[in-house]
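Visitor: If you scroll down you'll find the structure; I have some questions about it.
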Amino acid sequence: MKKKMKIKIQRVEPGQLNDQLLLINLYLTQGLTFIISMIIFLFQRRNPLKLFYFPDNYNFLLWGAGLAAVMFVADLLVSKVISEKSMDDGGINEMLFRNRPVWHIVAIAAVVAVCEELLFRGAIQHAFGPYWTSILFAVIHIRYLRHWIPTGWVFLSSYGLGLIYIYSGTLWAPIVCHFLIDLVSGLVIRFRR
């Protein structure tokens, strides 16, 4: 007689996650993000490899690093006015980066930047434009939905990423920006005392 396997889906609080489960969740969601983007490209009849052609010049670095710098300054100013509690993501970022080796923070930032920008800027924005893509991006980052300020911040960040994709003409600009934001944020959490 076969035993039936019951799968129970339940809400998990950040405190219930251990490091291994958090990393599995992170890499699985990024893998799903990548697979979903490939499926969308299939339906759009577009070659995703064309998005990764390297541009003739390095202006994309200015777009990506420039927006990242603006976002860091804006975040610093907002953090002076807004309480840390109203910017809380439930402790996920703290758990993810607090004890992580620097090489792994770099790897996480790179994987997340490539997978999420491929899906949101490369596939979804192609169909719906930067505004609706940014709404979806904010909703997907559900851990921020508890407070309107981080939700608005994620929306504005996403819209900025969409604009630099349009203006630079290459997916590399939002990838660089997303990578720098996640990398610097991760390193700040890692080395903050």
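The values are calculated or read from the model by the stated rules, or taken from the named source; none is laboratory data. None of the values given here were measured: they were computed from a predicted structure. Virtual Cβ from ideal backbone geometry, glycine too; neighbours counted across all protein chains shown. The protein model used for the area step is the full one, side chains on, heavy atoms only, and it has no ligands, DNA or RNA in it. Shrake-Rupley method; radii C 1.70, N 1.55, O 1.52, S 1.80 Å.
Visitor: For the stretch 53-65, how many residues meet the condition of being without any contact (Cβ under 8 Å) to a residue 12 or more places away in the chain and open to solvent by less than 40 Å² (accessible area, probe 1.4 Å)?
Guide: 0
Visitor: Run down I135, I175 and say which single residue is in a helix (DSSP H, G or I) and either among the basic types (K, R) or touching a residue at least 40 places away in the same chain (Cβ under 8 Å) (or both).
Guide: None of the other options fit; the residue is I175.
Visitor: In the stretch 67-109, what residues are open to solvent by less than 40 Å² (accessible area, probe 1.4 Å), touching a residue at least 12 places away in the same chain (Cβ under 8 Å), within 16 Å of V184 (Cβ to Cβ) and not charged (D, E, K, R)?
Guide: Hits for the stretch 67-109 are L67, A68, M71, N93, L96, F97, I105, I108, A109.
A quick yes/no check of all residues on (1) modelled with pLDDT of 95 or more; (2) open to solvent by 50 Å² or more (accessible area, probe 1.4 Å):
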residue: S134; (1), (2): yes, no
residue: A138; (1), (2): no, no
residue: W148; (1), (2): no, yes
residue: I164; (1), (2): yes, no
residue: L171; (1), (2): yes, no
residue: I175; (1), (2): yes, no
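Visitor: Also, quick follow-up: Sort through A68, A109 and tell me the only one that's out of contact with any Asp or Glu (no Cβ under 9 Å at 6 or more places or on another chain), in a helix (DSSP H, G or I), closer than 17 Å to V176 by Cα and of a type outside the set (D, E, K, R).
Guide: Result of the check over A68, A109: A68.
Visitor: Against the condition buried (at least 21 other Cβ atoms within 10 Å of the Cβ) and under 13 Å from the mean Cα position of the chain (by Cα), how does S185 come out, does it pass?
Guide: Against the criterion (buried (at least 21 other Cβ atoms within 10 Å of the Cβ) and under 13 Å from the mean Cα position of the chain (by Cα)), S185 does not qualify.
Visitor: Looking at the stretch 110-132, which of its residues are aromatic (F, W, Y) and open to solvent by less than 20 Å² (accessible area, probe 1.4 Å)?
Guide: Residue satisfying the conditions is F120 alone.
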